[in-house]
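See below for the structure under consideration.
Computed from the coordinates by the stated procedures, all read-outs in this text should not be read as laboratory data. None of these values were measured; they are calculated from a predicted model. Cβ sites come from the backbone with ideal geometry, for glycine too, and all protein chains shown count toward neighbours.
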Amino acid sequence: TIFDFKVVDPDGNKKSFEIRTDKETVGEALLELKLIEGEDGPYGLYVMKVNGIEAIYEQDGSYWAFYENGEYGLTGVDLTDIDPAVAYSFVQTKD
């Protein structure tokens, strides 16, 4: 399966990836490629690092927001089945 993935860092810089995987969920694919890191939380994977950039809410109010086709994801990245027609992204956001 092939899908598009984009990372938007705190400065608004964008990096695009074409992901090729045999995994079933977006989270599994991105974890396997070491593009995301996080911890298991009460709502699934709490993503703390994307493409080597850390966001820790408890420290400065920043976090990684997961999007599907530009819309805020309705499920966590680890529960989102891959759909090749959807463009996925993580955007570092700050409260």
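With 0.36 nm allotted per residue and the present C-alpha distance subtracted, the Glu18-Asp95 stretch has 24.8 nm of extension available.
If a spin label sat at a point 7 angstrom from the Cα of Leu33 along the line to its beta carbon, the backbone N atoms of segment 47-83 nearer than 19 Å would be those of 47-54, 64-71, 73, 76-83. Against the empirical curve 2.2 N^0.38 Å, the C-alpha radius of gyration of segment 1-94 lands at a ratio of 0.99.
Shown in residue order for segment 63-72 are the 3J(HN,Hα) couplings computed by the Karplus curve 6.51 cos²θ - 1.76 cosθ + 1.60 at θ = phi - 60°: 7, 9, 9, 9, 10, 10, 6, x, 9, 4 Hz (x for Gly and Pro).
Counting only aspartates and glutamates at least 8 places from Lys15 when in the same chain, those with an alpha carbon closer than 15 Å to its own are Asp4.
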